[in-house]
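**Student:** First the structure, which I've put down as structure tokens, then a few questions once you've had a look.
The values are calculated or read from the model by the stated rules, or taken from the named source; none is laboratory data. Nothing here was measured: the structure is a model prediction, and the numbers come from that model. So basically every Cβ, Gly included, is an ideal-geometry build from the backbone, and we count neighbours across all protein chains shown. Remember, those area values only see protein heavy atoms, side chains included, never the ligands or the DNA or RNA. Shrake-Rupley method; radii C 1.70, N 1.55, O 1.52, S 1.80 Å.
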Amino acid sequence: MISSLFLLFAACGKKPEPTPQGWLVNGQPVTSAQNIVLSAGSSLYLPERFTVEAAADTVVRVTEPKPGMFHIHLLYGTAMLQQNDAATVVTAQVDARILRLRSARFLLQKKAAGTKLFVLDGALDLETAGNKTELAAQGENYSEFSPTGAKYSKAAARDAVKYFPEFVNFRRLVAAR
């Protein structure tokens with residue numbers, strides 16, 4: 001009983017995360033550090049520095065752990081993430097995997113069946129349980145993660161729609177605007 005009360009007080013005393021500054025969702029300022037729901041075709045971006053484009057309904061959270069350093073957590077959905085400014089420090093996370101970006105543009109999908117990652121440009125370091133793997137557009141650039149394990153391979157950029165069919169409709173939606 002006493003330990004339960006102690007945990008309750010500790011949870012209530014936890015400082016809420018500050019709202020990251022400068023980020024926009026479809027042109028409107030982000031007003032919360034909580035989950036952001038992006039409908040297919042919508043964007044979350046830090047002007048001229050970083051962009052998240054949702055190809056399907058997507059749930060993300062963006063936080064600013066240190067001033068000028070941003071962290072994007074993909075909770076569910078399919079999105080294209082692009083680092084436009086190499087000086088902007090952004091990490092991405094899906095499940096327990098941390099992605100450290102190096103001027104990268106990549107597709108990321110989190111669904112109940114597993115996670116997929118496809119690097120289109122640049123490179124990133126994938127960190128899982130202390131193990132680091134480099135994924136680059138010129139080398140191994142595609143990975144799938146499921147409860148049974150991980151698979152890494154090299155794939156041509158034109159094959160991205162084979163692995164992420166949502167992007168066919170996404171591109172049509174963007175072209176129609």
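**Student:** Using alpha-carbon pairs under 8 Å, 6+ residues apart, how would you state the relative contact order of region 42-177 in percent? Provide the component values of the computation, followed by the final result.
**Tutor:** Details: 292 pairs, mean separation 21.3, N = 136.
With pairs under 8 Å counted, the relative contact order is 16 percent.
**Student:** Tell me which label goes with the value of Rg and Dmax of the Cα atoms in Å computed from the coordinates here: (1) 43.6, 134; (2) 17.2, 60; (3) 19.5, 56.
**Tutor:** (2)
**Student:** For an R0 of 30 angstrom, estimate the FRET efficiency from the Cβ-Cβ distance between ALA87 and ASP159 and round to the nearest 0.05.
**Tutor:** Details: r = 31 Å, r/R0 = 1.04.
Plugging the Cβ-Cβ distance into 1/(1 + (r/R0)^6) gives 0.45.
**Student:** Considering only DSSP beta bridges with both partners in the chain, what is the antiparallel share in %, to the nearest 5? Spell out each step's value before the answer.
**Tutor:** Working: 60 of 65 bridges.
Antiparallel: roughly 90 percent of the beta bridges in the chain.
**Student:** Could you work out how much longer the chain between TYR152 and VAL168 gets when fully extended? Use 0.36 nm per residue separation minus the Cα distance between them, nm to one decimal.
**Tutor:** Numbers: separation 16, 0.36 × 16 = 5.76 nm, distance 2.32 nm.
Result: 3.4 nm gained on full extension.
**Student:** While we're looking at this one, here's another question. Can you sort LYS110, LYS154 by solvent-accessible area, 1.4 Å probe, largest first?
**Tutor:** Values: LYS110 40, LYS154 120 Å².
Result of the area sort, largest leading: LYS154, LYS110.
**Student:** Evaluate the distance, in nm, between pseudo-label points positioned 7 Å from the Cα of GLN34 and of LEU120 along their respective Cα→Cβ axes.
**Tutor:** The two pseudo-label positions are separated by 3.2 nm.
**Student:** Let me ask something else. Which entries of LYS110/LYS132; LYS66/LYS154; LYS66/LYS111; LYS66/LYS151 show an alpha-carbon separation above 25 angstrom in the structure shown? Please list the in-between numbers first.
**Tutor:** Values: LYS110/LYS132 20 Å; LYS66/LYS154 35 Å; LYS66/LYS111 29 Å; LYS66/LYS151 33 Å.
Going by Cα-Cα distance, LYS66/LYS154; LYS66/LYS111; LYS66/LYS151 fall outside the 25 Å limit.
**Student:** Along the charge dipole of region 23-167, which of LEU117, PRO47, VAL25 sits closest to the positive end, that is, farthest toward it, with unit charges on the beta carbon of Lys, Arg, Asp and Glu (+1, +1, -1, -1)?
**Tutor:** Looking along the dipole axis, the top candidate is LEU117.
**Student:** Counting helices only, and only those DSSP H runs with n ≥ 4, report the 222 nm mean residue ellipticity of the chain as the sum of -39,500 (n - 2.57) divided by its residues, in deg cm²/dmol to the nearest 500. Present the calculation step by step, with values, prior to reporting the outcome.
**Tutor:** Working: 3 runs with 26 residues, N = 177.
Rounded to the nearest 500, the figure is -4000 deg cm²/dmol.
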